[in-house]
């Protein structure tokens with residue numbers, strides 16, 4: 001009787017504390033995004049909160065091919081760089097995580113720490129040093145250089161998330177499949193890959209967004225022809241509080257929402273995430 | 001598992017025959033990324049180290065002057081400590097909020113999981129440029145929080161949140177939360193629900209189940225997330241300087257001032273390496289402590 | 001094999017995206033040549049692309065591509081790519097200009113090559129480059145929240161001090177404003193200690209100590225209602241509906257020039273002269289004077305905007321100016337001092 005009561009009390013405290021914190025997490029995650037979305041629909045001439053009136057004119061201006069040409073060009077460059085660098089980072093990072101997961105001991109840990117280090121080096125210092133290095137080799141700033149720089153900076157995200165998924169993997173499963181005569185490739189495809197797919201997807205997404213939002217590396221490795229979006233947005237925000245800056249984020253949120261619906265339909269992302 | 005090599009090696013430009021793939025060692029799998037790092041990261045890093053050993057701003061002679069200047073000044077040590085502490089505070093705050101969120105996610109229906117996953121990545125979708133503005137709106141003197149606090153009569157004067165460390169940690173919690181949640185959710189989703197049922201049916205309280213069953217099983221994801229949060233909040237120059245303001249000095253802002261405004265690259269390089277080393281050291285110490293703790297648990 | 005389709009699609013997509021990277025870019029040849037010039041991000045970038053680029057092409061046959069970079073970013077980027085200039089022409093404020101001169105980043109400049117030379121005040125053209133716009137720095141305030149401040153020292157008194165948005169020595173306008181504040185309390189161009197000492201006394205009251213990039217947002221949202229900045233920023237924000245006015249301090253507004261320079265090692269020196277000549281020509285200067293650019297013109301044929309605190313360029317000789325060759329060597333130390341004082 002007393003035990004049941006104690007359990008009841010602990011269940012209530014657990015629900016209250018965990019529920020309360022989860023709600024706070026939701027508020028903190030969503031709040032700023034709602035502010036940005038609200039601001040993007042303002043009718044005023046500058047970013048302001050609370051917004052004045054309701055208007056989609058900033059979205060119309062953002063999509064206007066003539067008046068927002070530079071933004072479109074920068075967005076194109078940014079997307080291209082993010083897709084290629086995050087794509088490469090996902091492939092190389094997943095392979096490296098697979099390798100590292102089988103390395104025990106000091107050497108493996110050292111390799112792991114080394115591969116994580118770009119995350120810890122301030123982007124500004126890396127951007128400057130990379131520009132010095134590439135110039136020394138005779139390269140001029142270009143999209144290719146930005147991709148190379150971003151690849152290094154975003155790969156740790158893939159490495160960490162895939163590494164975390166792999167540490168859950170039971171090696172016995174794979175051994176069983178191999179001992180039953182399956183080829184290693186088959187074993188990887190049928191056992192490892194499905195199990196770590198959520199980790200790969202999470203890492204790829206983090207890598208992609210880290211590239212899209214990168215300022216310092218892009219700043220130093222871009223040329224007049226390879227204008228990048230976040231840098232352009234800084235200029236717009238700082239000098240005129242341009243509402244299109246908020247509209248860019250609104251567009252991204254909408255795009256991600258649609259992408260999520262599409263992925264859900266076609267590949268069942270969350271289904272795999274649940275296993 | 002070496003079949004993975006086939007998939008990994010192919011994009012690197014090598015047509016991997018299965019026989020060859022089978023020979024690929026763990027080091028072989030890590031090699032393509034290692035080579036990319038060697039080409040694009042190690043060399044710039046070495047140049048940075050070299051630059052830090054120039055004695056003067058104009059980079060004409062070698063010497064330890066910049067290192068001496070950095071290390072022999074208590075103010076710089078304080079800045080390093082503040083930067084690392086900021087990282088730790090962000091980790092604690094994101095974990096405190098992120099873990100319950102992950103539990104909520106675990107227990108939700110597939111449809112709600114979809115919604116929660118979308119919510120979890122939302123901060124990444126709003127550019128850093130406008131996200132900082134949103135935090136000005138929320139934490140500012142005439143901001144959302146203060147309107148609420150004043151409206152409810154909880155305070156007579158507007159609270160000072162913006163440009164305080166508390167405000168900065170709150171905003172970093174949002175900005176860095178996806179870095180914690182994505183690895184954590186992908187690991188949490190794999191925990192066998194039967195284990196939790198078993199724990200409950202054996203009479204364990206939910207708290208006990210949390211600490212004895214869920215937490216150990218989710219540890220790899222949590223550790224990965226914490227590492228990402230720590231590393232990226234210690235180097236988050238834009239958030240630190242815009243939301244934190246000039247009263248809070250962290251190492252990335254100092255590096256920016258020295259490299260860009262003063263054009264003193266040797267000192268900036270010294271500070272950048274100091275940041276790299278100190279953040280890596282904290283991560284290594286925590287990882288070591290984790291291994292020791294795990295060893296105890298198993299032994 | 002549910003993963004096969006997206007993977008193949010992904011690879012195909014990646015290949016399609018990578019294609020433009022490896023394809024050679026067409027080279028367009030203009031009879032007047034072509035060059036890459038820097039411009040400041042934001043309004044400068046927009047107006048130079050819209051006004052200067054077409055004018056240079058039309059009147060001189062020069063094709064200009066712009067790269068938007070702040071002055072300090074231009075210096076850092078140029079220094080990092082030593083031997084291979086990433087652009088042909090700089091646009092700089094006085095502080096970075098001195099750094100660039102000291103580190104040999106400019107080609108020698110011959111003002112006689114400019115057709116606009118007779119129209120420019122003589123002190124604007126020297127062996128390093130030519131001024132293209134004046135900047136006037138003073139106090140900006142929100143007229144709906146605070147009364148008009150009269151001088152720099154008002155910033156440290158109520159009601160302004162508790163509404164003050166402070167920035168440090170990171171920008172040109174911040175540096176000159178703090179120098180002027182120091183002068184009121186007995187300091188000088190080379191001694192800002194009095195300003196730091198006075199600021200320290202009122203530090204807890206100051207509404208915001210911000211990075212320059214954050215100031216427009218902080219001002220717009222009412223976090224601060226007074227700050228120091230240039231007339232161009234005030235007009236740009238006013239154009240956007242922000243409640244902001246410019247006040248000339250009683251000790252005088254500060255004036256300095258934004259200058260154009262040819263990058264050392266540029267292979268397009270002749271085109272660069274033509275570009276600079278275009279920027280200084282009367283029609284372009286006049287266009288740049290209008291909103292949203294709101295530049296203060298340097299060509300004598302161009303009338304000043306009625307919003308400016310002076311009627312003619314000549315009046316600017318009465319404004320406060322500074323010797324950046326003296327300021328630059330001290331600035332690093334000031335920045336550190338500011339950090340230490342603000343961080344308590």
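The values are calculated or read from the model by the stated rules, or taken from the named source; none is laboratory data. Because the structure is a prediction, the values reported are computed rather than measured. Here Cβ is always computed from backbone atoms with ideal geometry, including for glycine, and neighbour counts include all displayed protein chains.
Points to keep in mind about this one:
- Highlighted here are the helices (runs of 4 or more DSSP H) found entirely within the stretch B:40-119 that include at least 1 residues which are crowded, with 19+ Cβ neighbours inside 10 Å, more than 21 Å from the chain's Cα centre (by Cα) and without any contact (Cβ under 8 Å) to a residue 24 or more places away in the chain: B:43-52, B:74-107.
- Candidates are the residues of the stretch A:137-156 that are under 20 Å from residue A:92 (Cα atoms) and within 7 Å of another protein chain (Cβ to nearest Cβ); the one that is nearest to the chain's Cα centre (by Cα) is A:155.
- Scanning the stretch B:135-178 for residues that are within 14 Å of chain A (Cβ to nearest Cβ), touching a residue at least 40 places away in the same chain (Cβ under 8 Å) and part of a helix (DSSP H, G or I) yields a count of 15.
- Of all residues making up the stretch C:32-78, the number that are touching a residue at least 12 places away in the same chain (Cβ under 8 Å) and assigned to a helix (DSSP H, G or I): 20
- Of all residues in the stretch B:244-251, none satisfies being surrounded by fewer than 22 Cβ atoms within 10 Å (Cβ to Cβ) and away from chain C (no Cβ under 14 Å).
- Any hit, the stretch A:14-34, residues being within 14 Å of chain C (Cβ to nearest Cβ), out of contact with any strand residue (DSSP E or B) (no Cβ under 7 Å at 6 or more places or on another chain) and modelled with pLDDT of 90 or more: yes
- Index of the failed condition, residue B:196 passing every other in (1) within 11 Å of another protein chain (Cβ to nearest Cβ); (2) modelled with pLDDT under 85: (1)
- Among (1) closer than 27 Å to residue B:269 by Cβ; (2) at the interface with another protein chain (Cβ under 7 Å from one of its Cβ atoms); (3) assigned to a loop (DSSP other than H, G, I, E, B), the one test that residue A:113 misses: (3)
- Candidates C:111, C:129: the one that is touching a residue at least 60 places away in the same chain (Cβ under 8 Å), crowded, with 16+ Cβ neighbours inside 10 Å and more than 25 Å from residue A:130 (Cβ to Cβ) is C:129.
- Residue C:87 vs. criteria assigned to a loop (DSSP other than H, G, I, E, B), buried (at least 17 other Cβ atoms within 10 Å of the Cβ) and within 14 Å of another protein chain (Cβ to nearest Cβ): yes
- Within the stretch C:207-236, the set of residues being more than 16 Å from the chain's Cα centre (by Cα), in contact (Cβ under 8 Å) with a residue 40 or more places away in the chain and at the interface with chain B (Cβ under 9 Å from one of its Cβ atoms) comprises C:207, C:208, C:209, C:210, C:218, C:222, C:223, C:224.
- Checking each residue in the stretch A:82-105 for being more than 7 Å from every other protein chain (Cβ to nearest Cβ) and closer than 27 Å to residue A:145 by Cα picks out A:82, A:85, A:86, A:88, A:89, A:90, A:97.
- Of all residues in the stretch A:35-62, those satisfying the criterion of being more than 14 Å from chain C (Cβ to nearest Cβ) and in a loop (DSSP other than H, G, I, E, B) are A:41, A:54, A:56.
- Flag if residue A:166 is closer than 20 Å to residue B:182 by Cα and within 18 Å of the chain's Cα centre (by Cα): no
- Here residue A:178 passes the criteria (1) assigned to a helix (DSSP H, G or I); (2) modelled with pLDDT of 75 or more; (3) farther than 17 Å from residue B:29 by Cα except the one numbered (2).
- Any hit, the stretch A:144-157, residues being without any contact (Cβ under 8 Å) to a residue 12 or more places away in the chain and closer than 25 Å to residue B:278 by Cα: no
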